[in-house]
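Working notes, beginning with the structure itself.
Quick note: the coordinates plus some simple rules give every number you see, no bench work behind them. Small disclaimer: the values here were computed from a predicted structure and weren't measured. A quick note on method: Cβ atoms are made from the backbone with ideal geometry, for glycine too, and the neighbour counts reach across all protein chains shown.
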Amino acid sequence: SLGNVSRVSFRDEHPDLGDGRAEILAGLQLPQKSVNPKWFYDQRGSELFDQITRLPEYYPTRTESMILNDNRASIAANCGDNSVFIEPGSGSSEKVRILLEAVRPAVYVPVDISADFLHESAKTLGDEYPWLDIFAVCADFNAGWEFLSELPSARRVVFYPGSTIGNLDPSLAQAFLRTIASLVGKDGGVLIGVDTHKSTERLEAAYNDDAGVTAQFNLNVLRRMNALLDADFDEAAFRHRAFYNEDLRRIEMHLVSELNQQVECAGTIVDFKAGETIHTECSYKYGLEDFASLATSAGLEIIETWQDEEGLFGVHYLRS
Ligand code: AVJ
């Protein structure tokens, strides 16, 4: 019978990340060399990130999951049922499972740039939740949201867990929230997970784990650049460095050149002085007031915030 087969549909917008060559090379030619953290996530990078989420020092993932789990009912009360529940960058759709039974959306819309992975994840989710309609969209949500016109016209809630917004500089984070706000409209909402500003010691431990997984994750971007740029970065000639920039309230990750060296990238020579770095990631942290003013600047208001007892992490429900 078809009765317990969930309706899973799939739409491919054929997102074009570009081949990265020009973009990455331009970043390596800036006074402060830098590379966008989106390049971390090839197969190996995604596996390493997955390991990071289970490290004892890396509290965000397990803390957020606990917050979602402990507050399912009141989160659901805010989101309302029968919504179009949209998750940009859904990956394996792991966290939404915590909420689905409570939130009972009319349709769940996972959006991800990795087509095969999205397809598999959506099918698996559909098997686990036969009552759920799933409309999986392969798209770069930074490039546009045209696919929304295909969706049923119900209240929209955007689910953005994981403190992914922390990767964006505040002005870009503001612009992103503004886009989301206009997308969900006046009666929609945003459920977003944000890592909290806290002691430097605690934060730095989370990005300098004893097992060295975060170091491997960071160094993996050199392999990625070797593949994308026909470059000859030597992993042994760089080391991982992560520190909390207290003034800017962000973790900065860098790759530090161990020596004076020249690296050929896409036919161009890039010079490194010993100690010079490639800035690979920012991870902004927000106090409650910090995030409230970011939300306000994007035309949104915090309706409710859920936190763990230690206040390590926050989940916020926002509305226009
Ligand atoms: C996926 C961006 C939320 O900033 O904590 C983890 C990425 N980098 N360890 C974060 C990350 C190093 C992570 N985000």
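Of all lysines in the structure, the ones whose alpha carbon falls short of 30 Å from that of K186, not counting any fewer than 8 places away in one chain, are K95, K285.
Can you give me the Rg/Rh ratio for the stretch 143-212, using Cα atoms for both radii and the Kirkwood formula for Rh?
Result for the stretch 143-212 is an Rg/Rh of 1.12.
In the chain, what % of DSSP beta bridges are antiparallel (nearest 5)? Numbers along the way, then the final one.
Values: 32 of 55 bridges.
Percent antiparallel among DSSP bridges in the chain is about 60.
Residues whose amide H falls under 5 Å from that of F238, counting only those 5 or more places apart or on a different chain, are E258, with hydrogens built in the peptide plane.
Normalized C-alpha radius of gyration of the stretch 71-148, against 2.2 N^0.38 Å? Please report the intermediate quantities before stating the final value.
Working: Rg = 12.2 Å, N = 78, 2.2 N^0.38 = 11.5 Å.
Here the Cα radius of gyration is 1.06 times the empirical estimate.
Among 17-24, 189-196, 85-92, sorting by the average number of other beta carbon atoms lying within 10 angstrom of each residue, highest first, gives 189-196, 85-92, 17-24. For the stretch 120-244, a Kirkwood radius taken over Cα pairs fed into Stokes-Einstein (4 °C, viscosity 1.567 mPa s) yields D = 70 µm²/s.
With the helix formula -39500 (n - 2.57) applied to DSSP H stretches of n ≥ 4, the chain reaches a computed 222 nm mean residue ellipticity of -10500 deg cm²/dmol.
At q = 0.14, 0.20 Å⁻¹ the log10 of I(q)/I(0) for the stretch 241-316 amounts to -0.66, -0.92, computed by Debye summation with a single uniform scatterer per C-alpha, solvent ignored. D by Stokes-Einstein for the chain, Kirkwood Rh over Cα pairs, 25 °C, 0.890 mPa s: 118 µm²/s.
State to the nearest 20 debye the size of the charge dipole of the chain about its Cα centre, where the only charges are +1 on K and R beta carbons and -1 on D and E beta carbons.
Values: 28 positive and 50 negative charges, 133 e Å.
Value, rounded to 20: 640 debye.
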